[in-house]
1. Can you tell me how region 6-70 classifies by the Cα gyration tensor, rounded, prolate or oblate, using a/c under 1.5 as the rounded cut?
2. How large is ³J(HN,Hα), in whole Hz, for each residue of region 268-283 in order, when computed from phi with the Karplus curve 6.51 cos²θ - 1.76 cosθ + 1.60 and θ = phi - 60°, using x for Gly and Pro?
3. Please list, in order along region 224-229, the HN-Hα scalar couplings obtained from phi with the Karplus expression 6.51 cos²θ - 1.76 cosθ + 1.60 (θ = phi - 60°), rounded to whole Hz, x for Gly and Pro.
4. Do any of K177/K237; K183/K237; K204/K237; K189/K244; K177/K277 go past 19 Å between their Cα atoms, and which?
5. Provide the net charge surrounding F36, with neighbours chosen by a C-beta distance below 12 Å and charges set as Lys +1, Arg +1, Asp -1, Glu -1.
6. By per-residue mean of other Cβ atoms within 10 Å, what is the highest-first order of 35-48, 238-251?
7. Would you tally the net charge around T214, using a Cβ to Cβ cut-off of less than 11 Å, leaving T214 out, and scoring K and R as +1, D and E as -1?
8. Spelling out what I want: for every residue of region 53-64, take phi, set θ = phi - 60°, compute 6.51 cos²θ - 1.76 cosθ + 1.60 (Karplus), and round to whole Hz; glycine and proline get x.
Amino acid sequence: MIQEKEKRRKRILRKLKVKYRLVLMDDATLEQKISFRLTPLNVFLATSTISIILIFFTTYIIAFTQLREYIPGYTDVGLSRHIYDLQQKADSLEQQMVARDVLIQSIRSIITGNDVAVMSGADTVQTPKDYSRITNKRSSDDSLLRLEVENADKYSLRPSQGNATQGNTGIYFLPVKGYITSKFDATTKHYGIDLAAPQNEAVKAVRDGTVIYTGWSVETGYSVMIQHSGNELSVYKHNSALLKNQGESVRAGDPIAIIGNSGEYTTGPHLHFELWKNGVPVDPVQFIQF
């Protein structure tokens with residue numbers, strides 16, 4: 001039995017080592033062009049080697065080039081990050097568009113006099129803070145600092161801070177010296193306060209900002225709108241003359257108009273003043289001491 005297996009193995013080896021000649025000839029002239037001496041063993045080894053090399057290069061190309069994206073189940077490693085960045089940008093753009101639409105709608109409501117939403121008082125109230133540990137004992141350094149600040153402001157060309165009020169978003173300048181004749185009332189669509197003042201009195205900007213509207217209408221006469229930081233908007237109506245143009249930057253306390261009696265909705269020289277926060281009107285008395 002063992003001898004038969006050995007004879008069979010030797011017979012297979014002899015067949016693998018049998019030499020053959022591969023000849024390429026011209027079919028027309030039967031001229032021999034090239035010939036190869038081959039054995040089945042050589043052909044098997046050459047075919048196996050070429051197959052291994054092709055498999056290796058194919059695997060390398062698919063694994064380390066962009067071709068793997070065409071194979072189901074494989075995606076670009078940076079695709080997920082790119083999608084996440086695009087989603088974040090889309091969310092930011094959506095929020096900016098919503099804020100812009102609210103601002104545009106609020107400005108349109110101011111001009112046309114339509115009804116708008118009113119900010120609740122809870123939105124403007126800050127959390128009370130504990131000042132029980134603060135003492136009023138004045139040190140010598142504090143006295144020197146106070147004296148230095150007072151002397152620095154004594155010759156300042158800026159308007160006096162005596163007309164300013166500290167609010168939760170900054171210092172508010174008094175728009176005009178006068179007394180309130182009509183209070184804020186959202187139920188009657190009176191989204192501001194009326195301040196009676198002498199004729200030809202200067203109307204001043206309550207905060208730093210940019211003039212976004214100057215114009216005249218039948219109902220409100222000459223009006224000015226100023227956009228401030230913190231998504232705030234101040235409105236000044238019923239003026240007799242405008243001192244600023246649209247697009248100009250103003251500082252707190254800068255004259256922007258002359259108080260007057262223009263427009264149908266007026267009963268005498270006064271200023272109708274409105275203050276808007278985040279696209280909704282608020283009572284100016286909560287932020288400015290008139």
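1. Judged from the Cα gyration tensor, region 6-70 comes out oblate (a/c at least 1.5, b/c at or above a/b).
2. Karplus values, whole Hz, x for Gly and Pro: x, x, 6, 10, 8, 10, 10, 10, 10, 10, 6, x, 10, x, 10, 6.
3. 9, 10, 10, 8, 10, 5
4. The answer is K189/K244; K177/K277.
5. Values: positive: K19, R21, K33, R37; negative: none.
Net charge around F36: +4.
6. On the way: 35-48: 12.0, 238-251: 16.2.
Ranked from most to least packed, the peptides come out as 238-251, 35-48.
7. On the way: positive: K244; negative: E248.
Summing Lys and Arg as +1 and Asp and Glu as -1 gives 0.
8. In residue order, the calculated couplings are 5, 5, 5, 5, 5, 5, 5, 5, 5, 5, 7, 10 Hz.
Every number here is computed from the coordinates shown, using simple stated rules; none is lab data. Keep in mind it's a predicted model, so treat the numbers as computed, not measured. Backbone-built Cβ (ideal geometry, glycine too); neighbour counts: all protein chains shown.
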